[in-house]
Amino acid sequence: MGMSTTRAGEFSPATRVRRIRESPSSAASARARDLKGQGRTIIDFTVGEPDFDTPRNVKDAAIAAIEAGQTKYTAVNGTPALRDAIRARMLRTSGIVYTDAQITIGGGGKQVIYMAFAASLDPGDEVIIPTPYWVSYPDMVLANDGSPVIVSTRPDSAYKLTPAALEAAITDRTKWLVLNAPSNPVGVLYTPEDLVALAEVLERHPHVWVLSDEIYDEILYTGRPFTGIAAAAPGIRSRVLTVNGVSKTYAMTGWRLGYGVGDPKLIAAINKLQSQVSSCPSSISQAAAVEALTGDQSFIADCVAAYRTRRDLALERIGAIAGLSPIAPDGAFYLYVGCGPLIGRETAAGNRLRSDEDVTLFLLEEAGVAVIQGSAYGTAPFFRMSFATSESEINAGADAIAAAVAGLRPPTPASADARAETNAR
Ligand code: PLP
């Protein structure tokens, strides 16, 4: 009953599962882990999380919560203390006062985004996703019967969605525009003027909502402050779901705690679903998040200072390798690296690099460096490397990449294609 099967006893996944792929970043991390397991030294730039430990005061708050018996279910929408902490933080960063009815809390920003799609999409509803995008958005849309509408951004607009491109992508079926800034993978930050210009388009299309993923909003390098679209564009604010969490800002990826703030009816729909999915987020993680959001905030500046040094180092070292052009990120902790000139070159073994996925596999095999192919983020040829790692790893990785790339040769016209066919994976 219920579970579809092809043959008696043989499991067959539901259509929604067959529509999606495993997260490519998880797959790349797993590949790096496998090689490490085989004894190879791999410099791993795939991981999308801070390398810092969760701050002491946050751990202590969690331990105290356990000791005080805060180990039971909470309300679906979290503890009053956490809702207050989120409200205070939103007021501080956006100047907007949110009521309790406008807050949902979930197992990470990721789950909040998933729940927002699950609570709002009917089959065929469209979600506009600008490239390069965080790998999970299209699959989350597909898993919830929606249609991702991928909109390319361009280098000459600094990889930002333009009002014209937004206008052209909107149809009667458009439900959401997903905005992510600073973005994963390219680190782009929208100015308040950019956001106002996008909002002007949205004013003409009142059926389109905005999911503003602001998970990296504290991790900034250019001195420009962060502004979210809800703050920049009061005229469309009622249609903005702002998503954030404690994972990246407070080095708490494993605690799984994120939140969303927005329209009370949308939040009620998400919370209704949440009541059937998880009952509530972990009580212990909620207590930790209260301390993270309301306690000493100096941890953030310390981390950002370290990330900034690493960003500059990675930019300089990778930018010095012929054939690679990193894009300077405004925020987040990723370097998105153009690798177009490597496409078509041949490895010492005579394999021609035909795509950024080939480049990624080549770097893993030849340099022992794990990165993620840009095609996973909807643009090519690029790769993404996280610089949330030590300066020595960044230096060692850059040395290894430079040596491997120097060993590539221009294609030998006659044999290259035939050999590539033979070597086709
Ligand atoms: N949004 C973006 C752009 C991310 O890169 C990530 C994590 O990689 C998330 C959301 C989700 O973070 P979490 O679920 O840990 O809050």
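Listed values, structure above:
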{"quantity": "Selected residue [over 16 Å from R256 (Cα atoms), open to solvent by 70 Å² or more (accessible area, probe 1.4 Å) and in the same structural domain as L364 (by TED's automatic domain parsing)] from D84, D34", "calculated": "D34"}
{"quantity": "Whichever residue in region 94-116 is of a type in the set (S, T, N, Q) and within 16 Å of the ligand (Cβ to nearest atom) and, among such residues, is most open to solvent (accessible area, probe 1.4 Å)", "calculated": "Q111"}
{"quantity": "Among the candidates T79, T74, T54, T46, residue that is polar (S, T, N, Q) and over 19 Å from G258 (Cα atoms)", "calculated": "T46"}
{"quantity": "Where a residue in region 67-80 is free of Cβ contacts under 8 Å to residues at least 12 places away in the same chain and its partner, wherever it lies, is in a helix (DSSP H, G or I) and crowded, with 16+ Cβ neighbours inside 10 Å, with Cβ under 9 Å and at least six apart", "calculated": "A68/A287"}
{"quantity": "Yes/no for I236 being under 29 Å from D100 (Cα atoms), aliphatic (A, V, I, L, M) and within 22 Å of the chain's Cα centre (by Cα)", "calculated": "no"}
{"quantity": "Residue among V149, V188 that is closer than 22 Å to I219 by Cα and of a type in the set (V, I, T)", "calculated": "V188"}
{"quantity": "Residue list for region 261-282, filter: open to solvent by 20 Å² or more (accessible area, probe 1.4 Å) and of a type in the set (G, A, S)", "calculated": "A268, A269, S275, S278, S279, S282"}
{"quantity": "Pairs, first aromatic (F, W, Y) in region 220-231, second surrounded by fewer than 20 Cβ atoms within 10 Å (Cβ to Cβ) and at pLDDT 95 or above, C-beta under 7 Å, six or more apart", "calculated": "Y221/R308"}
{"quantity": "Criterion (modelled with pLDDT of 95 or more, closer than 22 Å to A380 by Cα and of a type in the set (S, T, Y)) met by exactly one of T131, T174", "calculated": "T131"}
{"quantity": "For R40: the one exception among (1) in the same structural domain as D399 (by TED's automatic domain parsing); (2) within 16 Å of the ligand (Cβ to nearest atom); (3) in a loop (DSSP other than H, G, I, E, B)", "calculated": "(2)"}
{"quantity": "Tabulated pairs, region 13-28, first closer than 16 Å to P138 by Cα and part of a helix (DSSP H, G or I), second away from the ligand (no atom under 15 Å from the Cβ) and of a type in the set (S, T, N, Q), C-beta under 8 angstrom, 6+ apart or interchain", "calculated": "R16/N144; P24/Q373"}
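Matching residues to (1) open to solvent by less than 10 Å² (accessible area, probe 1.4 Å); (2) within 16 Å of the ligand (Cβ to nearest atom):
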site: L198; (1), (2): yes, no
site: R204; (1), (2): no, no
site: L220; (1), (2): no, yes
site: A230; (1), (2): yes, no
site: G235; (1), (2): no, no
site: S238; (1), (2): no, no
site: N244; (1), (2): yes, yes
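The values are calculated or read from the model by the stated rules, or taken from the named source; none is laboratory data. Predicted model, so just to flag it, every value in this text is computed and none were measured. Methodologically, a virtual Cβ is constructed for each residue, glycine included, from the backbone with ideal geometry; neighbour enumeration extends over all protein chains shown. Just the protein is used for accessible areas: all its heavy atoms, side chains included, with ligands, DNA and RNA removed. Shrake-Rupley method; radii C 1.70, N 1.55, O 1.52, S 1.80 Å.
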